[in-house]
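In what follows, a structure is listed as C-alpha cells, so that the remarks can point back to it.
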Amino acid sequence: MNRRQLVAALTTLLATQGAAAQGEGFPSRPVHLLLPFSPGGTTDIMARTMSAKFQQETGQPLVIDYKPGAGGMIATEMVARAPADGYTLLLGSSAQLALNPSLYATVRYDPVKDFAPVALLGATPNVLLAHPSLPVASLKDLIALAKSQGGRINFASPGAGSTAHLAAELLKMQAGIDLVHVPYRGAGPAVMDALGGQVQLIFVAIPSIVNHAKQGRLRAIAVSGSHRSEALPDVPTIAETLPGFEASAWYGIVAPAGTPAAALGRLNSLFKKITEAADLRAAWALQGIDPLEATPAQFADYIRSELPKWRAVIQRSGAKAD
C-alpha cells in the first residue's frame, strides 16, 4: 500500500468512526423542531406530545419553533438551508412536501433534493359529510345523485389547494362526478356554513368535525384514509367504494440534505419509540391522528410517490393556493 492509499484508508476509517460516534452520542445539545403553522393545529399537537418524551429519552430538549407563513414554506426553506447536522428539523406535512411545488408558482426548495427524510409520523384523514337535508346515506348514494344532478351539488373546504379540497378533486376524478367547490378561509367558517345548510357537503380534516359527526348534526359519508379512522370507526372509507383511493394529510420529520446517516438513524429510532407510547397514541386518536411508521428510505420513497400523484390532481382541477 503506497502513501496515497494509506491516507485514503485512514480518512475513510476516521469518517466511519466519526459517523458511528455521532449516532451513539447524538444528540448532545438541544434539537430545534421548526413548525410551518401557528400554535393550535395538528403539527403543534404532535410536537407538544412528543417533546417531553424526546427529552426523557435523550436528556436534551426538543425546542419547538413556530415559523408560520406562505403555506408553510417559510419554515420549510429555513430547514432546507440549515446546517446538516441533525440539530434543526422540520415537522412538515403533505402540504409542504407534496402539494406546494404544484400549487405555487415559486417554491424555493425541492422536497426530494433539499431534505433527508427522518420519520413519517402520522396522518389525519379527511372526512366527507353531508347536511341532513341532502338525501344521501352513503358514498354510492352521493355518486348516483351527483351524476343525476350534473354539477348542482356543492361542497365546502377550508380553502383552495387545501388537502381537503384536493381530496374532493381526487374523488371527483375517480368517481366521474361533478361537484361545485366553495372554498373558505379555514375550517371554522366552512364547518359553520355546513351546519347551517348553506353548503350541502363538506370535506374537512377529522379533528375539525369529529364531534359534530358523532352528534349527527352532519352525516358522515366516508373518510379519505386507506383504513377506517379510530375517531370515526363506523364510517367507511372512500376506498371501500372506490378501491385504491387515499387522500390524507400526512406529517413527518425531515432534516437538511446531507445530514449524516448515523444521526438520521438515531432520530428515526427515537421518534419510532416515542410514537409507539400508548398514552401518546391515545392522545393522537382523540384528535383523529393515525400513527404511521417508516424508515428514512421508505419515507423518501413515499414523498417521491406523492409528488406526481398530487401534481396530476392539481393540474387537472386547476387548483391554486389562496
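Rule-based calculations on the coordinates, nothing more; no lab input. Computed from a prediction, not measured in an experiment: that's the story for all the values here. As a convention, Cβ positions derive from the backbone with ideal geometry for all residues, glycine included, and neighbour counts pool all protein chains shown.
A helix-only calculation puts the chain at -14000 deg cm²/dmol for mean residue ellipticity at 222 nm, using -39500 (n - 2.57) for each DSSP H run of at least four residues, averaged over all residues. Largest GNM mean-square fluctuation among A190, A80, A52, using the chain with Cα springs under 10 Å: A52. Given the options A137, A278, A205, which has the most mean-square fluctuation in a GNM of the chain, springs set between C-alpha atoms less than 10 angstrom apart? Per the Cα network of the chain with a 10 Å cutoff, A278 tops the list. Between D65 and S148, the C-beta separation translates, for a Förster distance of 56 Å, into a calculated FRET efficiency of about 0.65. Evaluated at q = 0.07, 0.09 Å⁻¹, the base-10 log of the normalised Debye intensity for the chain, with identical point scatterers placed on the Cα atoms, takes the values -0.31, -0.49. Legend: P(r) of region 28-122 from all alpha carbon pair distances, 5 Å bins from 0, whole percents, reading 3, 13, 24, 26, 19, 10, 3, 1, 0.
About its Cα centre, the dipole of region 125-240 is roughly 140 debye, where the only charges are +1 on Lys and Arg Cβ and -1 on Asp and Glu Cβ. Relative to the longest principal axis of the C-alpha atoms of the chain, give the angle of the C-alpha long axis of helix 296-317, reported between 0 and 90° and rounded to the nearest 10°. Its long axis makes an angle of about 40 degrees. A dipole drawn for the chain from +1 and -1 charges on Cβ atoms has a positive end, and of W250, S102, L280 the residue lying farthest that way is S102. Taken over region 282-322, the percentage of Cα pairs per 10 Å bin, counting from 0 up to the bin with the maximum distance, is 23, 27, 38, 11. Placing +1 on the Cβ of every Lys and Arg and -1 on the Cβ of every Asp and Glu, with nothing else charged, gives region 229-322 a dipole about its Cα centre of roughly 500 debye. One chain, two ends: E306 and D110. Fully extended at 0.36 nm per residue, the span grows by 69.2 nm beyond their Cα-Cα distance. Charge tally for E77 (other residues, Cβ to Cβ under 10 Å; Lys, Arg +1; Asp, Glu -1): +2.
Could you give the length gained on full extension between E240 and L286, defined as 0.36 nm per residue of separation minus the Cα-Cα distance, in nm? Can you show the working numbers first?
Details: separation 46, 0.36 × 46 = 16.56 nm, distance 2.36 nm.
This chain segment gains 14.2 nm when fully extended.
Computed extension length for V180-A278: 31.1 nm, one decimal, from 0.36 nm per residue of separation with the Cα-Cα distance subtracted.
Computed about the Cα centre, the dipole magnitude for the chain is approximately 420 debye when only Lys and Arg (+1) and Asp and Glu (-1) carry charge, each at its Cβ.
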